[in-house]
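Chemist: Pasting in a structure now, in structure tokens, and then I'll have a few things to ask.
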Amino acid sequence: MTKLAVCPGSFDPVTLGHLDVFRAASAIFDAVRVVVVANPDKGPGLFPLDERADLVRRALAESGEDHIAVDVLEGGLLVDYCTAHGAVALVKGVRGARDVDYELPMAAVNRELSGIETVFLPPRPEHALVSSSLVRQLVGLGGDASAYVPAAVLTRLRR
Ligand code: PNS
């Protein structure tokens, strides 16, 4: 049986840290699907969901990882999406204690609802401090985000 993992997130925009998590997940599982999800706690965000997904696709193509599928979840529970697609695990990157505190309750609820487990992956040191919110702030203030995002995202942010 193909073991499919889902990498969920708001990815607004996708960063080099996220790409690293997708790569690491695809080294562990038979197949990986990145799912772009609206996080109501984060408001409307910078990019619409379809554009975020398109940027993830471009970033994966740039790095030769286009075997990783990308989808958008417009609404409903993530675990229902996972069950419908036969995913065996969720995969998330955790950069530190703050991420763990944020992720643990979601992992517990997702397991309670569906039995699906969440796998946490640590970042590479060079990506340990990168976040989408930092990138948005940096670019909003005219800074250079080239060390933190894939080329496709940088091009889009500069437009
Ligand atoms: O990148 P983020 O914003 O930290 O990702 C959080 C996300 C989008 C994965 C989370 O909010 C989520 O799973 N939303 C989908 C709706 C859902 O299933 N909520 C219950 C989570 S316990």
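Chemist: By how many nm would the segment from residue 27 to residue 83 grow when fully extended, if each residue of separation counts as 0.36 nm and the alpha-carbon distance is taken off?
Modeler: Once the chain is fully extended between residue 27 and residue 83, it gains 18.0 nm.
Chemist: Let me know the Rg and Dmax you get for the range 1-108 when you use only its Cα atoms, in Å.
Modeler: 13.2, 38
Chemist: I would also like to ask the following. Which value at 222 nm does the chain reach when only helices count, each DSSP H run of 4 or more adding -39,500 (n - 2.57), with the total divided by all residues and rounded to the nearest 500 deg cm²/dmol?
Modeler: -13500 deg cm²/dmol
Chemist: Something else now. Take every DSSP beta bridge with both residues inside the chain and express the antiparallel ones as a percent of the total, to the nearest 5.
Modeler: The antiparallel proportion sits near 0 percent.
Chemist: What FRET efficiency do you get for residue 109 and residue 133 if R0 is 25 Å and r is their Cβ-Cβ distance, rounded to the nearest 0.05?
Modeler: The pair residue 109/residue 133 has a calculated efficiency of 0.60.
Chemist: Hey, what did the chain get for relative contact order, percent, Cα under 8 Å, at least 6 apart?
Modeler: So the answer I get is 31 percent.
Chemist: Tell me, what is the 1.4 Å probe accessible area of residue 157, in Å² to the nearest 10?
Modeler: Approximately 30 Å² of residue 157 is accessible to the 1.4 Å probe.
Chemist: I want to verify a result. In a Gaussian network model of the chain, Cα cutoff 10 Å, which of these has the top mean-square fluctuation: 17, 75, 45?
Modeler: In the Gaussian network model the winner is 75.
Chemist: Separate question: Would you grab the residues whose amide H sits under 5 Å from the one on residue 7? Only those 5+ places off in sequence or on another chain, please, with H modelled 1.01 Å from N.
Modeler: Residues meeting the criterion, in which the H sits 1.01 Å from N, are 33, 34, 35, 91.
Chemist: Compute, for residue 85, the solvent-accessible surface of its heavy atoms (probe 1.4 Å) with the complete set of protein chains present, and express it in square angstrom to the nearest 10.
Modeler: Estimated to the nearest 10 Å², residue 85 gives 80 Å².
Chemist: Further, regarding this structure: Go through the range 35-47 residue by residue and turn each phi into a ³J(HN,Hα) via Karplus (6.51, -1.76, 1.60, θ = phi - 60°); whole Hz please, and just put x for glycine and proline.
Modeler: Result, ordered by residue: 10, 8, 10, 6, 9, x, 5, 9, x, x, x, 8, 10 Hz.
Chemist: Still on this structure: What does the extension gain come out to for residue 72 and residue 3, with contour length at 0.36 nm per residue minus their alpha carbon separation?
Modeler: Value of the extension gain: 22.8 nm.
Chemist: What residue among 13, 40, 48 shows peak mean-square fluctuation when the chain is described by a Gaussian network model with Cα springs under 10 Å?
Modeler: Residue with maximal mean-square fluctuation among 13, 40, 48: 40.
The values are calculated or read from the model by the stated rules, or taken from the named source; none is laboratory data. Since the structure is predicted, the reported quantities are computational estimates derived from the model, not experimental observations. Here the Cβ is made from the backbone with ideal geometry for all residues, glycine too, and neighbour counts use every protein chain on show. What goes into the accessible areas is simple: the full protein's heavy atoms, side chains included, and nothing from ligands, DNA or RNA. Shrake-Rupley method; radii C 1.70, N 1.55, O 1.52, S 1.80 Å.
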